[in-house]
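To start, the structure under review is shown below, and the notes come after it.
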Amino acid sequence: MIMIGRSYAASGVQSETTRAWWKEAVVYEIYPRSFKDSNGDGIGDLRGIIDKLPYIRDLGADTIWLAPIFQSPNRDNGYDISDYKAIMPEFGTMRDFEMLMAKASSLGIRVILDLVVNHTSDQHPWFQKSRASHDGPYRDYYIWRDSVHGHPPNNWPSAWGGSAWTFEPTTNSSYLHLFSPYQPDLNWDNPFVRDEVFSIMKFWLDKGVSGFRMDAITMISKIPSLRDMSLEELKAPEYVYAAGPHLHAYLREMNDRVLSHYDVMTVGEAYGMHAQDIPLFTESARRELDMVFAFDIVHVDRQGWRKIAWPLSKLKEIYAAAGRPRSPDSWNTVFLDNHDQPRAVSRFGNDAAPFREVSAKAIATLLLTQCGTPFIYQGEELGMTNLPFNGLDDFEDVQVPIEWDAKVKRQGVNPEAFFESLKGLGRDNARSPMQWDMTRNAGFTTANKPWYRVNPNYIEINAQACLQNSKSVYHYFRDLIALRRKYPVLIYGSYQDLDPDHSAVFFYSRESGNSKLLILINMSDRGFTYASPHLAKVSPLISNVEHRSVTKGMTWLAPWEARVYVA
Ligand code: NOJ
């Protein structure tokens, strides 16, 4: 059973850490649209998720995060909500949701929902009323400004490019949207908006959900002047979006009025936050959030729209910083994949034939042994890969035409170079249907045409094949999760990088009291001999290749070989 609220002191950096269920959780993210279709309409749904809960439980995950399941016109696949208290009809009914909650609970799985309250859909009745006239209580639910000499009110770009303002002829003014024009930003400075958000949260908490992943939460407070950004700021506008003066006050208010009354976990999307500011959200004494998703890992291989090479040293720096939290009572998340990212194995491993499985396992080792609560994204446990793209029409994501227009058409970025980067970084890579088996459409749907195309490699990469093969990526994930549960040092132990300068080997320890584990990963396609005094006296716990002995602190590491040792 999950222990809640017990406290104990572990030795090492995180000595003040209080135990909590969400620190010990292994979270599995579901993108419902692409997970499992139960009624043959080509779109994943809640009943499909219910069917697959035992699969998730068997993997060892104990918490699921559902990407938005609420009524939405789906311009951004549910991140544009038109009714926060209704289930998207394509996904099912409230009764289905209640069944999902009951089934999850019976399997010991907690459910967290996506709280998307920086913006709504432009189809939300609040916005419909807001846009209709200058007067009325809903006008001030959103952020309206007059145009200046026919130009947008300021020079802010949206997160994906193009102006962050859209002109509304009815009232001769423009509304702010930090994402697409279909996603107008709410005005959090209006106390009625905050009341609405808190009521939505209570509605779902009272249905038994165990917390929220908070979308774009750093952007809810806007800088009051809405001044123009400087040229320097325009290179990374998210840091201005996230600089609102009331952000922390609003999160504290949310905590006081809602969260503190429930036993829940919260994880905020920390877009536009510098690493050093993260404890401001997560230090427990500040009573804001429990954890955030920091963006350093997301930025590791990109510069603006451009995909760049990432040296291992960058990953090591990120994890070293996460491993020595500025505050002992601040908690991290660990993730390599989610619905906005390319597939982890294609990005951090090598998805080509000889290395796909072994490298998927190598990076799984990283995911499940670093400091923080791990988040697995559907299909990551199978080593699912990026999609093949032949042209712009192969993309479904609303971000793509907006970015293409802003970068290629307006800024003159080379179209081939842009497309090349998009193939590697595009969000659609993660959104193709889950590959369940080798039947038509990968067993995702019985419809002729799923809502988005299935990766043609499903014949080889699918859950059924993985379940039948005890050496599969799935089974390795499962073993790692079990190991994490057996060795709490992997959760609460301190972190030390044992070889920060090596360009291919990631070697670190987790230590607490007299328990110490060593994690050794070859993050490259090459095999070589590796020696370290730390390997002098170790016994193996798990590895992704056949066990090889260590002699006098020296061992052969095969490409992408990963091992966990007790020291
Ligand atoms: C972050 C979400 O993860 C992404 O999918 C969405 O497009 C934006 N926020 C806007 O809601």
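Quick note: the coordinates plus some simple rules give every number you see, no bench work behind them. Remember, it's a predicted structure, so these values are computed and weren't measured experimentally. A quick note on method: Cβ atoms are made from the backbone with ideal geometry, for glycine too, and the neighbour counts reach across all protein chains shown.
Please tell me which of these pairs span more than 19 angstrom C-alpha to C-alpha: LYS361/LYS423; LYS36/LYS103; LYS103/LYS207; LYS36/LYS449; LYS85/LYS207?
On the way: LYS361/LYS423 23 Å; LYS36/LYS103 16 Å; LYS103/LYS207 13 Å; LYS36/LYS449 14 Å; LYS85/LYS207 11 Å.
Exceeds cut-off: LYS361/LYS423.
Helix-derived [θ] at 222 nm for the chain: sum -39500 (n - 2.57) over DSSP H runs of at least 4, divide by residue count, nearest 500? Display every interim value, and only then the final one.
On the way: 18 runs with 152 residues, N = 567.
The per-residue figure over the chain is -7500 deg cm²/dmol.
For THR266, THR439, THR529, what ranking results if the residue with the fewest other Cβ atoms within 10 Å of its Cβ goes first? Please report the intermediate quantities before stating the final value.
Numbers: THR266 25, THR439 13, THR529 8.
Listing THR266, THR439, THR529 from fewest to most nearby Cβ atoms yields THR529, THR439, THR266.
What percent antiparallel are the DSSP beta bridges of the chain, to the nearest 5?
Working: 41 of 65 bridges.
Once the DSSP bridges in the chain are tallied, antiparallel ones form about 65 percent.
Residue separation times 0.36 nm, minus the C-alpha to C-alpha distance between MET438 and ALA285: what's the value? Mind showing how you got there, number by number?
On the way: separation 153, 0.36 × 153 = 55.08 nm, distance 5.04 nm.
Length gained, MET438 through ALA285: 50.0 nm.
I need the P(r) histogram for segment 400-543: all alpha carbon pairs, bin width 5 Å from 0 out to the longest distance, whole percents.
2, 7, 11, 11, 11, 12, 12, 13, 11, 6, 3, 1, 0
So what J values fall out for segment 163-172 if you push phi through Karplus, 6.51 cos²θ - 1.76 cosθ + 1.60 with θ = phi - 60°, rounded to Hz, Gly and Pro as x?
5, 7, 10, 10, 7, 10, x, 3, 10, 6
Using only Cα atoms, find the angle between the long axis of helix 312-323 and the longest principal axis of the chain, and express it within 0 to 90 degrees, rounded to the nearest 10.
It works out to around 80 degrees.
Given an 8 Å cut-off on Cα distances and at least 6 residues of separation, report the relative contact order of segment 492-566 as a percent. Please report the intermediate quantities before stating the final value.
On the way: 152 pairs, mean separation 22.7, N = 75.
So the answer I get is 30 percent.
Which part of segment 259-282 falls in the paramagnetic zone of LYS235, meaning amide N under 18 Å from the point 7 Å along Cα-to-beta-carbon?
Inside the label zone: 272-275.
Among 350-356, 290-296, 230-236, 430-436, how do they line up by average Cβ neighbours within 10 Å per residue, starting with the highest? Each step should come with its number before you reach the end.
On the way: 350-356: 15.7, 290-296: 22.3, 230-236: 11.3, 430-436: 24.7.
Order by mean packing, descending: 430-436, 290-296, 350-356, 230-236.
Could you tell me the relative contact order of the chain? Use alpha-carbon pairs under 8 Å, at least six residues apart, and round to a whole percent. Walk me through the numbers before you get to the answer.
Details: 1191 pairs, mean separation 79.5, N = 567.
In percent, rounded to a whole number, it is 14.
State the Kirkwood hydrodynamic radius of the chain in Å, one decimal place, computed from all pairs of distinct Cα atoms. Working shown, then result.
On the way: mean 1/r = 0.0408 Å⁻¹.
Taking the inverse mean of 1/r over all distinct Cα pairs, the chain comes out at 24.5 Å.
Would you kindly state how much longer the chain becomes between LYS537 and ASP497 on full extension, computed as 0.36 nm times their sequence separation minus their alpha carbon distance, in nm to one decimal? Intermediate results must be reported in sequence, preceding the final value.
Details: separation 40, 0.36 × 40 = 14.40 nm, distance 1.79 nm.
Gain on extension, LYS537 to ASP497, equals 12.6 nm.
When Lys and Arg each count +1 and Asp and Glu each count -1, what net charge do the other residues less than 15 Å away from GLY412, Cβ to Cβ, add up to?
Details: positive: ARG306, LYS407, LYS409, ARG410; negative: GLU403, ASP405, GLU416.
Result for the local shell: +1.
Read phi for every residue in segment 348-363 and hand back ³J(HN,Hα) as whole Hz from Karplus 6.51 cos²θ - 1.76 cosθ + 1.60, θ = phi - 60°, with x for Gly and Pro.
Rounded to whole hertz, the list is 9, x, 9, 8, 6, 2, x, 10, 4, 5, 5, 6, 4, 6, 4, 6.
Which whole-number percentage describes the relative contact order of segment 166-293, with Cα contacts under 8 Å and a sequence gap of 6 or more?
22 percent
Could you put GLU460, GLU253, GLU357 in order, starting from the residue whose Cβ has the fewest other Cβ atoms within 10 Å?
Ranking GLU460, GLU253, GLU357 by Cβ neighbours within 10 Å, fewest first, gives GLU460, GLU253, GLU357.
Would you mind ranking TRP310, TRP126 so that the residue whose beta carbon has the fewest other beta carbons within 10 Å leads the list? Spell out each step's value before the answer.
Details: TRP310 15, TRP126 19.
Starting with the residue having the fewest Cβ neighbours, the order is TRP310, TRP126.
How far apart, in nanometres, would the label points at GLN276 and ARG324 be if each is projected 7 angstrom from Cα along the Cα-to-Cβ direction?
Placing both labels 7 Å beyond Cα along the Cβ direction yields 1.4 nm.
First obtain the Kirkwood hydrodynamic radius of segment 31-70 from its Cα pairs, then insert it into the Stokes-Einstein equation at 37 °C and 0.692 mPa s, and state the resulting D in µm² per second as a whole number. Spell out each step's value before the answer.
Values: Rh = 10.5 Å.
Answer from the Stokes-Einstein relation: 313 µm²/s.
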